[in-house]
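**Student:** Just passing along the structure, written as structure tokens.
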Amino acid sequence: MKKLTITTATAITLAMSAVGATAATLDITGIDSSWNDVVPGGVTVNNGDPTSSMRWGTGASQSGYDFTDAPTPILGLAADTQFVVGNFNHLNFPITGTTLDTANLNVDIQIGGGGPLISSVFSFSHDETTNSAPCGPGSVSICDDIVSVSSAAGAEAFSLGGVDYVFQVLGFSTDGGSTIVTDFLTQENSNNPAQLYATFTAVSQVPLPAGMLLMGTALAGFGVMRRRKKAA
């Protein structure tokens, strides 16, 4: 009887260990980004490492975007956990002339442990307001510009360790990730920093072999029956 109980417990433990093995974490060992596909063509682009910048317009100070890649490595990242891709800053100043319409931020993320290089595109759209009332909802200055971000070509999918993941941008946060928005209102005559967040979502996992599941279930059930007979 003791031998049967030990065998049953071992089978269940093995089955549960196999389930837990699919719940792996990810390590990010590198992040590299650059501005591309900028509209209109008069915007000045300066891609660097770790900061890439754009500047436009004429005035006492130009307006522009700065994006600085988050430091790596980022270790033990669980699926469905938001993380910082980088630090964004909108330099918002009164200008004339060229204004930004749209731009793409190409983001390469290297997954550690022999994982893939995930290449994704974040699509930015820019609303350069006229700085005259009435302003839009939520505006603090006269009038806040609006920076919007989304995953340009849909979510990026990849597989690692028997788990399928989808990578996608979440949006901007100015409070450490407690609040994340896809439309970032930026005040006039100031720098407007925010962190850009993304996530890896586990969409499916490799199932346990049917034989292992059936064996664990059968042995567990047999053990219960034997205990009931002994009690009777």
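We did not get these values from a lab; they are worked out from the coordinates using the rules stated. Predicted model, so just to flag it, every value in this text is computed and none were measured. Using ideal geometry, Cβ is built from the backbone for each residue, glycine included, and neighbour counts are taken over all protein chains shown.
**Student:** What distance in nm lies between label points placed 7 Å from Cα along the C-beta direction at Thr81 and Asn191?
**Tutor:** 3.0 nm
**Student:** Take Asn46, project a point 7 Å from its Cα along the Cβ direction, then tell me which residues of the stretch 64-90 have their backbone nitrogen under 20 Å from it.
**Tutor:** Inside the label zone: 64-70, 87-90.
**Student:** Take the alpha-carbon centre of the stretch 142-184, take the same for the stretch 89-114, and report the distance between them in whole Å.
**Tutor:** If we compute the Cα centre of each part, the gap is 13 Å.
**Student:** A further question follows. Can you check what the net charge comes to around Gly42, using other residues whose Cβ is under 15 Å from the Cβ of Gly42 (Lys, Arg +1; Asp, Glu -1)?
**Tutor:** Residues close to Gly42 contribute a combined charge of -2.
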